[in-house]
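Student: Structure in structure tokens, see below.
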Amino acid sequence: MMFSLPRDRPQFILLFLDGVGLGDRHPDNPLAHPEHTPFLSQLLGGPLVRGLSVAQPSVSATPIDACLGIPGLPQSATGQTTLYTGINAAQFRGRHQSGFANGSLRQVIAAHSLFRQVMELGGTATLANLYSPAYFEAIAQRRIRYAVGTLVNLTAQLPFRMQSEYEQGQAIFWDITGDLAHARGVAAPAISAQEAGQRLARLGAHHTFTLFECFLPDYAGHRQDKVAAIAVLNRVDQFVENIVENLPSNVTLIISSDHGNVEDISTKRHTLNPVPLIAIGTQAQHFYPVKDLTGIAAVILQSLKTPAE
């Protein structure tokens, strides 16, 4: 059967937060304190901890499994590939794979990424993150390797957002505010978390599917720095608040992660905890039944499909 996108099709923003799990209430869990994420805690009726459950027409929140039936601690490459494709990448590899996507995972991304599938349905997709010539130079010199989100954009043959887009308010650095940009060789003036949220909401209004990746929570978790973790969570919360305040009526915001980390600063390692799946907008209720990382892509794609007339 042929499918096409209706004129009033839903649109989605996926906010990926690296290293955010739902743990128990204990002193080493900065997410257990609602004052660290005041907007989200009020919206969801409590802090982001194990047992989170909200099922409302326009707001849903539930824990989802990041272990994917494979022993060991969940890792970034397989978790992100699963999240962005709907394919169980850990099962495909036979293990959890950390860091970056190798050749076989790249093939999965190229064939099954949400960007490619949304475009095949007649929609548009974009990566909101700011990139720089220094990043691609480091890739060429083999000092770093492509991250999963970068490969999603690259294999879909879409342009990357560079300095000119940032200056026009059409890109966001991965730390939300751009405070770390200069240290990474990027000439990006810092902005507020509020401005960053407004930027992402605007971008989401112009695309069927918009992805933004933030790696701050994982960095804070690996550092085991409670003060830094609290500051990161507060920044993310302000960011989310301003996305929601500026969210167009037909855009649904999805927030999720690849594995746990920042919710337990007693260890610098990842955790076995479930990760949150939060959805805010008209399609929110469809995400509540999702059980693991494989299910998010399927809900997005099903929401976009209608029988062609």
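The values are calculated or read from the model by the stated rules, or taken from the named source; none is laboratory data. Only a predicted model underlies this, so the values are computations on that prediction, with no experimental measurement involved. Note that we place each Cβ from the backbone using ideal geometry, even for glycine, and neighbour counts take in every protein chain shown.
Student: Quick test of your reading of the structure: I144 fulfils all but one of (1) more than 29 Å from T177 (Cβ to Cβ); (2) outside any helix (DSSP H, G or I); (3) not charged (D, E, K, R). Name the failing condition by number.
Tutor: With respect to (1) more than 29 Å from T177 (Cβ to Cβ); (2) outside any helix (DSSP H, G or I); (3) not charged (D, E, K, R), I144 is out only on (1).
Student: Of the conditions (1) in contact with a helix residue (DSSP H, G or I) (Cβ under 8 Å, 6 or more places away or on another chain); (2) under 28 Å from A101 (Cα atoms); (3) at pLDDT 95 or above, H207 fails just one. Which one is it?
Tutor: Going through (1) in contact with a helix residue (DSSP H, G or I) (Cβ under 8 Å, 6 or more places away or on another chain); (2) under 28 Å from A101 (Cα atoms); (3) at pLDDT 95 or above one by one, H207 breaks only (1).
Student: What pairs come out if I take residues in segment 173-192 that are under 21 Å from N234 (Cβ atoms) and pair them with residues that are loosely packed, with under 13 Cβ neighbours inside 10 Å whose C-beta lies under 7 Å away, six or more apart or interchain?
Tutor: Sorted first by the residue in segment 173-192, then by its partner, the pairs are G178/P189.
Student: Counting only residues that are in contact with a helix residue (DSSP H, G or I) (Cβ under 8 Å, 6 or more places away or on another chain) and closer than 18 Å to T62 by Cα, which one in segment 263-288 is surrounded by the fewest Cβ atoms within 10 Å (Cβ to Cβ)?
Tutor: The selected residue is H286.
Student: Turning to a different aspect of this structure: Run down I139, I109 and say which single residue is more than 19 Å from H206 (Cβ to Cβ), in a helix (DSSP H, G or I) and touching a Leu at 6+ places or on another chain (Cβ under 6 Å). Steps first, answer last, please.
Tutor: Values: I139 fails: touching a Leu at 6+ places or on another chain (Cβ under 6 Å).
After applying the criteria, what remains is I109.
Per-residue answers, yes or no, for (1) closer than 23 Å to R145 by Cα; (2) assigned to a loop (DSSP other than H, G, I, E, B); (3) modelled with pLDDT under 95:
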| position | (1), (2), (3) |
| --- | --- |
| P6 | no, yes, yes |
| L15 | yes, no, no |
| G51 | no, yes, yes |
| C67 | no, yes, no |
| Q80 | yes, no, no |
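Student: Okay, moving on. Among (1) in contact with a Pro (Cβ under 8 Å, 6 or more places away or on another chain); (2) not in a strand (DSSP E or B), which single condition is V227 missing?
Tutor: (1)
Student: When the residues of segment 21-40 are narrowed to those that are part of a loop (DSSP other than H, G, I, E, B) and of a type in the set (G, A, S), which ends up nearest to A231 (Cα to Cα)? Give the derivation first.
Tutor: Quick first cut of segment 21-40, residues part of a loop (DSSP other than H, G, I, E, B) only: 21-29, 33, 37.
Pick out the ones that are also of a type in the set (G, A, S) and you get 21, 23.
Working: G21: 17, G23: 19 Å.
Result: G21.
Student: Of E245, E241, E213, which residue is in contact with an Asp or Glu (Cβ under 9 Å, 6 or more places away or on another chain) and farther than 15 Å from L31 by Cβ? Talk me through it step by step, then tell me what you get.
Tutor: Values: E245 fails: in contact with an Asp or Glu (Cβ under 9 Å, 6 or more places away or on another chain); E241 fails: in contact with an Asp or Glu (Cβ under 9 Å, 6 or more places away or on another chain).
Step by step, each of E245, E241, E213 is checked, and only E213 is in contact with an Asp or Glu (Cβ under 9 Å, 6 or more places away or on another chain) and farther than 15 Å from L31 by Cβ.
Student: Can you tell me which residue among A147, A134, A128 is at negative phi and surrounded by fewer than 16 Cβ atoms within 10 Å (Cβ to Cβ)? Break it down stepwise before answering.
Tutor: Details: A147 fails: surrounded by fewer than 16 Cβ atoms within 10 Å (Cβ to Cβ); A128 fails: surrounded by fewer than 16 Cβ atoms within 10 Å (Cβ to Cβ).
Result: A134 is the single residue among A147, A134, A128 that is at negative phi and surrounded by fewer than 16 Cβ atoms within 10 Å (Cβ to Cβ).
Student: Residue under question is E165, and the condition is that it be touching a Leu at 6+ places or on another chain (Cβ under 8 Å), over 17 Å from L15 (Cα atoms) and of a type in the set (D, E, K, R); does it hold? Spell out how you get there, then give the answer.
Tutor: Values: touching a Leu at 6+ places or on another chain (Cβ under 8 Å): yes; over 17 Å from L15 (Cα atoms): yes; of a type in the set (D, E, K, R): yes.
Yes: the conditions hold for E165.
Student: Also, quick follow-up: Check whether at least one residue in segment 147-168 is in contact (Cβ under 8 Å) with a residue 60 or more places away in the chain, over 26 Å from Q302 (Cβ atoms) and among the aliphatic types (A, V, I, L, M), and report yes or no. Talk me through it step by step, then tell me what you get.
Tutor: In the first step, residues of segment 147-168 are kept if they are in contact (Cβ under 8 Å) with a residue 60 or more places away in the chain; the result is 147-149, 152.
Cutting the leftovers down to over 26 Å from Q302 (Cβ atoms) gives us 147.
Then keep just the ones that are among the aliphatic types (A, V, I, L, M); that gives 147.
Looking through segment 147-168, at least one residue is in contact (Cβ under 8 Å) with a residue 60 or more places away in the chain, over 26 Å from Q302 (Cβ atoms) and among the aliphatic types (A, V, I, L, M).
Student: What's the number of the only condition in (1) modelled with pLDDT under 95; (2) over 22 Å from A298 (Cβ atoms); (3) among the aliphatic types (A, V, I, L, M) that A32 fails to meet?
Tutor: The one condition A32 does not meet is (1).
Student: Next question. Take segment 255-309 and flag every residue that is within 16 Å of the chain's Cα centre (by Cα) and among the charged types (D, E, K, R).
Tutor: D258, D292
Student: Take Q238 and tell me if it is of a type in the set (S, T, N, Q), assigned to a helix (DSSP H, G or I), in contact with a Gly (Cβ under 9 Å, 6 or more places away or on another chain) and more than 23 Å from I296 (Cα to Cα).
Tutor: Working: of a type in the set (S, T, N, Q): yes; assigned to a helix (DSSP H, G or I): yes; in contact with a Gly (Cβ under 9 Å, 6 or more places away or on another chain): yes; more than 23 Å from I296 (Cα to Cα): yes.
Here the answer is yes, as Q238 does meet what is asked.
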